[in-house]
């Protein structure tokens, strides 16, 4: 694959697939057509043909391939009447094609189908909107590759067979799917954030921020769209201090706040204020929490009581494992129950030690144990967290914390 075709794949594969899927209404057909178009583009360049705009050429070729497939199956008029009326557009020169800027967001909204489970929506978004390979998606979602491949195939078939079709031009439909789309974008960012030292992790974070900007643009003054973008920007602002020059994780308490991106913080703070003035939804509250961390000059100056109150509101409406665990951490630093009381609350929430956050739960309990004087219990919890953690950088961080306790 030439550098220009590879660059088009890395930068625009999601947009290309989104454009073709929106045109055909069939994700599986679009995927096959885009793969075929990339192969044709490679063949063209090997033959000495210079493609002025590889992404536009591939998109146009994929749309043509999709129409050819439909024609061969003799189902165009029945299944996709819009194509029958719009065939002339497909034959237009690639130079006339331009992305609208909404292709990937439209693909996210398409996979946020009411008949699909949240994890399936996330898997489809990771695979097709962000271009993550199936085996990596499987690893991120803690299932085997064959299981994930089968799940994706079933989901694409369900989208194709459903009588519910999504169109970006349908404002009511787009608005109805927006909350689910915001959740998927948040999950994309969380997935990338969990792997801060990998290229895929950083790319997912960048993709999520871009998608959050797109969502806010089409959502107007929606408080949750403002809140999500604020949350991601405020979190991104802290990234320069998350990993040291040696590639090791740095805890927030030890972060060099001079490295934080002040421009992102200012933008995020402004958006968080707008979001909280417009409502107290899940993302508005999370943005407020992240904003309080961002404005604290150091760890000791963090307004933990205010953060704990915001977490109380968040858990009341969105009692997810991650929100419950973070609330316990905040309450452990706020005035009142202290580390020992927070540890008791954590022990009472047994579900946190059984799901995908089990490693984090044991790590939190280890830190609470250290702060409450139970060093032996903390060591056991650190070892359990290490055993449940696959990310090398996180494992090394936990090993360092365990060594500090034992040293």
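No value in this document is a laboratory result; all are computed from the given coordinates. Note that the coordinates shown come from a computational prediction; the quantities given were computed from them, not determined experimentally. Using ideal geometry, Cβ is built from the backbone for each residue, glycine included, and neighbour counts are taken over all protein chains shown.
A few notes on this one:
- Rounded D (µm²/s) - segment 274-386, Kirkwood Rh over Cα pairs, Stokes-Einstein at 37 °C, 0.692 mPa s: 225 µm²/s
- Normalised by 2.2 N^0.38 Å, where N is the number of residues, the C-alpha radius of gyration of segment 143-237 stands at 1.24.
- Based on Cα atoms of segment 132-184, Rg over Rh with Rh as the Kirkwood radius reads 1.09.
- Packing-based ranking of 355-364, 391-400 yields 355-364, 391-400, ordered from highest to lowest mean Cβ neighbour count within 10 Å.
- In segment 144-273, Cα pairs under 8 Å separated by at least six residues give a relative contact order of 18 percent.
- Taken as Cα centroids, segment 336-407 and segment 171-195 sit 30 Å apart, rounded to the nearest whole angstrom.
- Highest to lowest packing among 129-142, 230-243, scored as the average C-beta count within 10 Å: 230-243, 129-142
- Using C-alpha pairs below 8 Å separated by at least 6 residues, the relative contact order for segment 275-407 is 15 percent.
- Histogram of C-alpha separations across segment 200-278, 5 Å bin width, %: 3, 16, 21, 22, 17, 11, 6, 2, 0
- The chain, relative contact order [Cα under 8 Å, separation at least 6], %: 9 percent
- Estimated 222 nm signal from helices in the chain, with DSSP H stretches of n ≥ 4 weighted -39500 (n - 2.57), rounded to 500: -22500 deg cm²/dmol
- Computed from Cα positions, the angle between helix 3-24 and the longest principal axis of the chain comes to roughly 70 degrees.
- Calculated log₁₀ intensity ratio I(q)/I(0) where the Debye formula runs over C-alpha points of the chain, q = 0.11 Å⁻¹: -0.88
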